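The values are calculated or read from the model by the stated rules, or taken from the named source; none is laboratory data. Source: prediction; values computed, not measured. Here Cβ is always computed from backbone atoms with ideal geometry, including for glycine, and neighbour counts include all displayed protein chains.
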Amino acid sequence: MLGLVGIFAWRAAADKPLSFGDPFPDLTTDQLIQFSDGEVEFTQVETVADGLGPVFNGTSCAACHSNPAVGGDSDIVETRFGTITNNVFDPLTHLGGSLIQSQGIGPVGSCDFVGESVPQEATIVAHRKSTSLFGLGLVDNVPDQIFRQIAQDQKKVSPATAGRTNMVKDVTTSHMAVGKFGHKAQVPSLKHFAADAYLNEIGITTPFFPTENCPQGDCSLVVGVQACDMVDEPEDDGSGVQAFTDFMIFLAPPQRGPITPQVVGGEQVFYKIGCADCHYPTLETGPNLIAALNKVTFHPFSDFLLHDMDSLGDGIEQSQAGGREMRTAPLWGIRVRKSFLHDGRTTKIEEAVLAHDGQGEQARNKFSALNSKDMHDLIAFLNSL
């Protein structure tokens, strides 16, 4: 955490290479203070008195976003479940679905809150790892029309691998918007992301999500005269959500590792076998009063669209995303990740590529057919991101 002294020390050394977890280098002093205050909120451990729970997955945002610095990913996975009823996905909301809150705050009044478990009625169980937040302020400020245009261009140029947008309602604006965040592109903005995580991961209500999750679907525990919730709703007045958002908005993107001749050769292989069809290299933000976000060209290596991944899909449906569809994972910062794919099933990049299916099958097959040099060059390229 920077702190006020740290802010000025950091500004004095603003020409140093960026490290993971640093803010953008060209922020104003006021913006650096917002970033620092947001980081304090992001790392703060919430308590029952703050509104934690009654069921939850973590006591702070940083608990799940810490690799290799605050704001990164982690190997922690959450569990989602559901079933198919009359050929329609059912999140089993009445049984606490689709997201498991794995911990409880314990005895409160006549209640004893414990972590949820997957009910017997669930026929679909999926795991998802925490994603990295580095540079997402840039993604948040790409106009929706850009993502729509990418989808249209893919449909014309490479229809077999074309993606599509997931249109979702942004609770912070009440407007429909393009989903960009989450494994299903089910979250349209960083502010929505912050409010959603505050409720569903920590159990703290806000003006955007004012109602507690019902533990294992039993709403009598949190609503009504027999409820055992200790803190009046909403438990956060929105200031915590804004602080989380500020931290994420001003969090700098991953910096590239060394670019060697092998890395340059691997990038050519990356394009040749079709990886860039979905792992779209370059985007640009729209106009913004924040200089660090104003018309910035950046390289996340993702189109942030949904693609049909067949067996690599997790079976869960969210908003317009089907069970086989997953958002293209951004590749920037991949060199510091310890596990890969949405469920963290592998620690090897090669195995992650070989698990691609559906619209990723063709690129996977071309990857499998590479000679040893091209294979090593491609891995070197990915390890430079």
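Miscellaneous remarks
- Some residue of the range 342-360 being buried (at least 19 other Cβ atoms within 10 Å of the Cβ) and at positive phi: yes
- Criterion (polar (S, T, N, Q) and in contact (Cβ under 8 Å) with a residue 40 or more places away in the chain) met by exactly one of 372, 384, 368: 384
- Residues that are among the polar types (S, T, N, Q) and more than 21 Å from residue 176 (Cα to Cα), drawn from the range 311-335: 311
- Which listed residue is surrounded by fewer than 22 Cβ atoms within 10 Å (Cβ to Cβ) and within 25 Å of the chain's Cα centre (by Cα), from 205, 282, 260: 282
- Selection within the range 172-192: residues that are without any contact (Cβ under 8 Å) to a residue 24 or more places away in the chain and among the hydroxyl-bearing types (Ser, Thr, Tyr). The member of this set that is surrounded by the fewest Cβ atoms within 10 Å (Cβ to Cβ) is 174.
- Which listed residue is in contact with an Asp or Glu (Cβ under 7 Å, 6 or more places away or on another chain), modelled with pLDDT of 95 or more, of a type outside the set (Val, Ile, Thr) and farther than 27 Å from residue 65 by Cα, from 358, 323: 358
- Selection within the range 80-126 - out of contact with any Pro (no Cβ under 7 Å at 6 or more places or on another chain), of a type in the set (D, E, K, R) and surrounded by 14 or more Cβ atoms within 10 Å (Cβ to Cβ): 80, 90, 121
- Put simply, of 169, 155 the only residue that is in a strand (DSSP E or B) and surrounded by fewer than 20 Cβ atoms within 10 Å (Cβ to Cβ) is 169.
- Among residues of the range 108-122 being acidic (Asp, Glu) and modelled with pLDDT of 95 or more, the one that is nearest to residue 92 (Cα to Cα) is 121.
- Set side by side, the residues 38, 51 differ, and just one is more than 19 Å from residue 103 (Cα to Cα) and buried (at least 21 other Cβ atoms within 10 Å of the Cβ), which is 38.
- Residue list for the range 231-257, restricted to those being under 24 Å from the mean Cα position of the chain (by Cα) and without any contact (Cβ under 8 Å) to a residue 24 or more places away in the chain: 239
- The residue that is surrounded by the most Cβ atoms within 10 Å (Cβ to Cβ), counting only those in the range 208-243 that are polar (S, T, N, Q) and at negative phi, is 213.
- Some residue of the range 97-109 being farther than 24 Å from residue 324 by Cβ, of a type outside the set (S, T, N, Q) and not in a strand (DSSP E or B): yes
- Looking across the range 74-96, the residues that are under 19 Å from residue 197 (Cα atoms) and part of a loop (DSSP other than H, G, I, E, B) come down to 74, 75, 76, 91, 96.
- Check on residue 195, within 24 Å of residue 24 (Cβ to Cβ) and either free of Cβ contacts under 8 Å to residues at least 12 places away in the same chain or more than 14 Å from the chain's Cα centre (by Cα) (or both): no
- Selection status of residue 303, crowded, with 20+ Cβ neighbours inside 10 Å and under 22 Å from residue 154 (Cβ atoms): yes
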